[in-house]
Amino acid sequence: MNQQLRPSSESTSSASPWASFRRVAILLGLLYCFLVGLDLMGLAFKLFGKGFAEQLIATTANPFVGLLFGILATSLVQSSSTTTSMIVGLVAAGALNIQGAIPMIMGANIGTSVTNTLVSLAHVTRPEEFRRAFAGATLHDFFNWMSVLILLPLEIVTGFLRHSAEAATEVLIGSGGGKLFNPLKAIVRPVAEGIRDGVGKSGVLVLILGILAMIFALRFLVVVLKQVFTGRAERLLNRTLFRSAFSALVAGAVMTVMVQSSSITTSVVIPLVGAGVVTLERLFPFTIGANIGTTVTALLAALATGNPAAITVALSHLFFNLTGTLLIYPVPFLRAIPLTLARAMGNLAVRSRVLAGVYILVMFFGLPASMLLFTGGEKREVPEVPPVTAPTVIDSPAPAVNFVGALTTAPRR
């Protein structure tokens, strides 16, 4: 009997590596499909018109209106790097001053979390997964809102971000610009552009295809993740990237710098949270790291302009995220606030799926749009922006400078 069972055991053992390889290959394929879908959404917004974001950003110096514009613009283009790079270009052109740009940067930080919140909806048919995924996504929202609620009033009263950034700018002046290679763009953008050209460059069709690709990929991603990240693989993940708060923060920052998109970094990890592989507490520092990493794109764009005001605005973004992290995360009772709110939101979303959709529509689109209608604001004409080379991002609908119609085409939360 034992002799009969041994071949079967050996067969199972030999088949195991092939099964693992197949799961990893499927996982990579689904991730690629997700990234193509995300890039298609960006290309779709580019097709909607070059002046699309310009009309949202070239506006009043009122800090609260600037904050709302930053939220709405970034929610629509789903790329804080796009919005912040646009702001850098406008500041370099003299269309915005530093005081008016900083609240917009803060709003962009909030708006960038719309992507991973949308990603969490892929789990809506599985209650427990949806509870964890939606809580993980809204954790990013609540942390960014908490940072703004603390730092925006402080900035209005003291101008500490501006003054700190101006001091640092004096050190960086003359360091020159840089261009960051985006490895994902090289393998994703050609396919996305081929699909865009294949449907006749219709913005609506490209947007629909992008959404469908993301839904398809995310629908099956959590199933594969459960198979891949179980047992030893799950323990390895938790012992490496998520073994400590510091390692998770560094991983989030480094991954975001590499792909130049906090939307991608935070969105890819949401299925891991939904699958129960990564806990909310371990996700928190990773999300904060992504916030810090996403500031690199605008900083490189600002250094490329050589304009002191533009560099100051980009550094303000970096200092805003660093200050928010240092004020909130190390203090236990402050750190518990976004965690508690995120869990509560996950529980509410499971009880009423409609509430999840309403939350996204109101928080990222309805609230800022309605407030802007009431507050209004005097618009300015945007002067022609001198040519600037800015880094490319894969989820950017167009380099920020293309929206303004002044910065040269360049490689790109």
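The values are calculated or read from the model by the stated rules, or taken from the named source; none is laboratory data. Everything numeric in this text was worked out from a predicted model, so none of it was measured. In this analysis, Cβ positions are derived from the backbone assuming ideal geometry, glycine residues included, and neighbour counts consider all displayed protein chains. Accessible surface areas use protein heavy atoms only, side chains included; no ligands, DNA or RNA. Shrake-Rupley method; radii C 1.70, N 1.55, O 1.52, S 1.80 Å.
Points to keep in mind about this one:
- Computed 3J(HN,Hα) for the stretch 205-213, one whole-Hz value per residue from the Karplus formula 6.51 cos²θ - 1.76 cosθ + 1.60 where θ = phi - 60°, is 5, 5, 5, 4, 5, x, 5, 5, 5, glycine and proline marked x.
- A straight chain from Phe365 to Gln99 at 0.36 nm per residue would run longer than the Cα-Cα distance by 93.4 nm.
- Solvent-accessible area of Trp145, all protein chains in place: 50 Å² (probe radius 1.4 Å, heavy atoms, ligands and nucleic acids excluded).
- Accessible surface ranking that places the most exposed of Leu212, Leu72 first, with a 1.4 angstrom probe: Leu212, Leu72
- Proximity of backbone amide H atoms, modeled 1.01 Å from N, is registered between Leu96 and Val91 at under 5 Å, excluding neighbours fewer than 5 places apart on the same chain.
- Once divided by 2.2 N^0.38 Å, the Cα radius of gyration of the stretch 119-164 becomes 1.75.
- Take the Cβ atoms of Phe216 and Ala168, set R0 to 41 Å, and the FRET efficiency comes out at 0.40.
- Surface accessible to a 1.4 Å probe, Ile264 within the full protein complex, Å²: 10 Å²
- Net +/- balance of residues flanking Ala349 in space, Cβ distance below 15 Å, scoring K and R +1, D and E -1: +3
- Ranking by accessible area, most exposed first, for Thr287, Thr125 with a 1.4 Å probe: Thr125, Thr287
- Legend: Rg and Dmax of the stretch 86-178, from Cα coordinates, 17.8, 54 Å.
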